[in-house]
Every structure is written in structure tokens, then in C-alpha cells.
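Enquirer: If you scroll down you'll find the structure; I have some questions about it.
The values are calculated or read from the model by the stated rules, or taken from the named source; none is laboratory data. Everything quoted here is computed from the prediction, not taken from an experiment. Don't worry about glycine lacking a Cβ; one is built from the backbone with ideal geometry, like all the others, and counts go over all protein chains shown. Calculation scope for accessible area: heavy atoms of the full protein, side chains included, ligands and nucleic acids excluded. Shrake-Rupley method; radii C 1.70, N 1.55, O 1.52, S 1.80 Å.
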Amino acid sequence: MKKTQTFIKRDISGESILIPTGDTARDFNGMITLQGIAGFIWDHIEEATSLEHLVDMITDEFDVDRKTAGSDAIFFIMQLLRAGMIRTTGKDW
């Protein structure tokens with residue numbers, strides 16, 4: 001996956017927040033709060049070579065089973081795709 005919009009992630013009072021920058025700030029009005037695994041996915045989405053690889057990364061980092069990690073990842077990735085914040089980069093995505 002490739003991020004298509006520019007955001008800066010900041011940790012404020014224990015919450016991870018995405019703040020739009022550059023051209024994204026002109027097109028996107030607001031901020032996005034990331035909770036739990038969502039922040040990890042945002043940080044690692046471009047280095048994961050497939051959904052399976054991303055799930056491996058999540059289960060290595062968090063105390064969560066593969067089924068939950070996979071369903072959480074799919075749900076969040078679909079939201080990012082619908083919002084145009086990421087795009088697929090290959091056949092494994």
C-alpha cells in the first residue's frame with residue numbers, strides 16, 4: 001500500500017492524531033484520531049508487502065489472535081481506501 005495524502009502523526013495526551021499537511025490540509029478539513037492497532041497500521045502500511053505480512057506484524061506487536069488482527073486490519077484498510085488515503089501497489093494488496 002502507498003499513502004496518497006500527507007499527514008503528520010502526533011501523540012497528544014496519549015492519543016495518536018493524524019494532522020493533514022501540505023495540499024492535504026487544503027482538501028481535508030479536520031484531524032483523525034487513531035486508536036489501538038489503527039496507529040500501528042498507519043505507521044507500517046507502506047512496509048507491509050501483503051495483508052498477511054501486516055497481520056504477522058500486528059500479532060508480533062500486540063497480544064491479539066490472527067483472526068482479530070486480520071478483521072481489524074481489513075476494516076481499517078477499507079476505511080483508508082474509501083477515504084482515498086492509501087492506494088494498492090501490487091497484486092498482494
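Enquirer: Select from segment 31-58 the residues that are part of a helix (DSSP H, G or I) and of a type in the set (Asp, Glu) and write down the one among them that is nearest to the chain's Cα centre (by Cα). Give the steps one after another, and end with the answer.
Expert: So in segment 31-58, the residues part of a helix (DSSP H, G or I) come out as 37-44, 51-58.
Keeping just the survivors that are of a type in the set (Asp, Glu) gives 43, 52, 56.
Working: Asp43: 6, Glu52: 15, Asp56: 15 Å.
Selected residue: Asp43.
Enquirer: Count, please, the residues in segment 2-37 that happen to be closer than 21 Å to Thr88 by Cβ and open to solvent by less than 50 Å² (accessible area, probe 1.4 Å).
Expert: Of the residues in that region, 6 qualify.
Enquirer: Now for a different question. Just the residues that are of a type outside the set (A, V, I, L, M, F, W, C) and not in a helix (DSSP H, G or I), please, taken from segment 59-71. Break it down into steps so the answer makes sense when it comes.
Expert: Initial filter on segment 59-71 (of a type outside the set (A, V, I, L, M, F, W, C)): 59-61, 63, 65-68, 70-71.
Hits for segment 59-71 are Asp63, Asp65.
Enquirer: Right, another one. Considering only segment 38-71, state which residues are open to solvent by less than 30 Å² (accessible area, probe 1.4 Å) and among the β-branched types (Val, Ile, Thr).
Expert: Ile41, Ile45, Val55, Ile58
Enquirer: Also, I was wondering about something else. Go through segment 1-30 and count every residue that is farther than 25 Å from Met57 by Cβ and not in a helix (DSSP H, G or I).
Expert: 6
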